[in-house]
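Peer 1: Next up is a structure, given as structure tokens.
The values are calculated or read from the model by the stated rules, or taken from the named source; none is laboratory data. Just so it is clear, the structure is predicted and the values come from calculations on it, not from any experiment. Neighbour counts are summed over all protein chains in view; Cβ atoms, including those assigned to glycine, are modelled from backbone coordinates with ideal geometry.
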């Protein structure tokens, strides 16, 4: 790849980052799964940073591609105000750090007609946990046609939500070591009729429990009580609701003395942190739920195989 092409991408990213209030704090040359050149950018705000990896020949200046990148940078700026920007909560109550995702997608080498992205999620419960799951998220050809580009800004949100959904279904296990576990991403996660992603149909009680648990873990346990972003569009997509509804739910919890809401961000009140035993019990049950029970039977010799 020519230096001129790589410099063009760097200039595009720097310009988009600046418009969102972010700073490109570093760039590193990389390669994708097939050895094609990529550039890894560190996007920074207030001393925190997150990574962005793009193919060197990627150009997002067209009218079809630029809006999604602009939105991605704007969301990243708000997410970087979280004390732990890369940690997300599942409906089961598992706080997970998303890391080591290698973009862009690459074609499957097994003969399957799918595109893959590899990454890792790690349990973040405030302890020295080593539990994690290596991920191989596979996207079908039909689903690929929905996505404008197989690059990080266009897919990271729904890939993370697919991982969360798969974990909620007990189809991913957090282990000390192990091989990559599959996360199938199909059109079942997309409504053709409404032209949007759909992961979970939640009611107000579930959203209320989710917001409270998110603030407990991401702020109270992992963030020294610093506010977390309540109206994250990724959570809205994951819960099949709107950002306005998430804020409304947070404000209701604040009215009950559980949260302190500051604009789009919230921190826990003492009453919420007093529920530590409840959330630790929920976490233990979630971990137990994700353990494949058939493995225990086979370890005990109870199998016909």
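Peer 1: For region 222-248, name all the residues that are in a helix (DSSP H, G or I) and either more than 21 Å from the chain's Cα centre (by Cα) or farther than 21 Å from residue 196 by Cβ (or both).
Peer 2: Of everything in region 222-248, just one residue is in a helix (DSSP H, G or I) and either more than 21 Å from the chain's Cα centre (by Cα) or farther than 21 Å from residue 196 by Cβ (or both), namely 248.
Peer 1: Shifting gears a bit: Counting only residues that are farther than 24 Å from residue 66 by Cα and touching a residue at least 60 places away in the same chain (Cβ under 8 Å), which one in region 124-149 is surrounded by the fewest Cβ atoms within 10 Å (Cβ to Cβ)?
Peer 2: So the residue we want is 126.
Peer 1: Go through region 45-73 residue by residue and tally those that are more than 27 Å from residue 115 (Cα to Cα) and touching a residue at least 24 places away in the same chain (Cβ under 8 Å).
Peer 2: Final tally of qualifying residues: 4.
Peer 1: Can I ask one more? Can you report the number of residues in region 8-22 which are outside any loop (DSSP other than H, G, I, E, B) and surrounded by 15 or more Cβ atoms within 10 Å (Cβ to Cβ)?
Peer 2: So the answer is 8.
Peer 1: Let me ask another. Looking at (1) in contact (Cβ under 8 Å) with a residue 40 or more places away in the chain; (2) exposed (fewer than 15 other Cβ atoms within 10 Å of the Cβ); (3) touching a helix residue (DSSP H, G or I) at 6+ places or on another chain (Cβ under 8 Å), which is the one condition that is false for residue 92?
Peer 2: The one condition residue 92 does not meet is (2).
Peer 1: For region 127-147: of the residues being in contact with a helix residue (DSSP H, G or I) (Cβ under 7 Å, 6 or more places away or on another chain) and at pLDDT 95 or above, which is farthest from residue 197 (Cα to Cα)?
Peer 2: If we take residues in region 127-147 being in contact with a helix residue (DSSP H, G or I) (Cβ under 7 Å, 6 or more places away or on another chain) and at pLDDT 95 or above, then 135 is farthest from residue 197 (Cα to Cα).
Peer 1: Can you tell me which residue within region 23-51, out of those that are surrounded by 14 or more Cβ atoms within 10 Å (Cβ to Cβ) and in a loop (DSSP other than H, G, I, E, B), is farthest from the chain's Cα centre (by Cα)?
Peer 2: Restricting to residues being surrounded by 14 or more Cβ atoms within 10 Å (Cβ to Cβ) and in a loop (DSSP other than H, G, I, E, B), the top hit is 36.
Peer 1: Looking only at region 197-221, which residues are touching a strand residue (DSSP E or B) at 6+ places or on another chain (Cβ under 6 Å) and either assigned to a loop (DSSP other than H, G, I, E, B) or on the phi > 0 side of the Ramachandran plot (or both)?
Peer 2: Hit for region 197-221 is 198, nothing else.
Peer 1: Within region 150-196, track down each residue that is surrounded by 20 or more Cβ atoms within 10 Å (Cβ to Cβ) and in a loop (DSSP other than H, G, I, E, B).
Peer 2: Selection gives 151, 172, 174.
Peer 1: Moving to a separate point now. Tell me which of these residue 128 doesn't satisfy, since it passes every other one: (1) under 13 Å from the mean Cα position of the chain (by Cα); (2) more than 26 Å from residue 9 (Cα to Cα); (3) assigned to a loop (DSSP other than H, G, I, E, B).
Peer 2: For residue 128, the failing item is (1).
Peer 1: I've got another one for you. Which of the residues belonging to region 238-254 are in contact with a strand residue (DSSP E or B) (Cβ under 9 Å, 6 or more places away or on another chain), surrounded by fewer than 21 Cβ atoms within 10 Å (Cβ to Cβ) and closer than 17 Å to residue 201 by Cα?
Peer 2: 240
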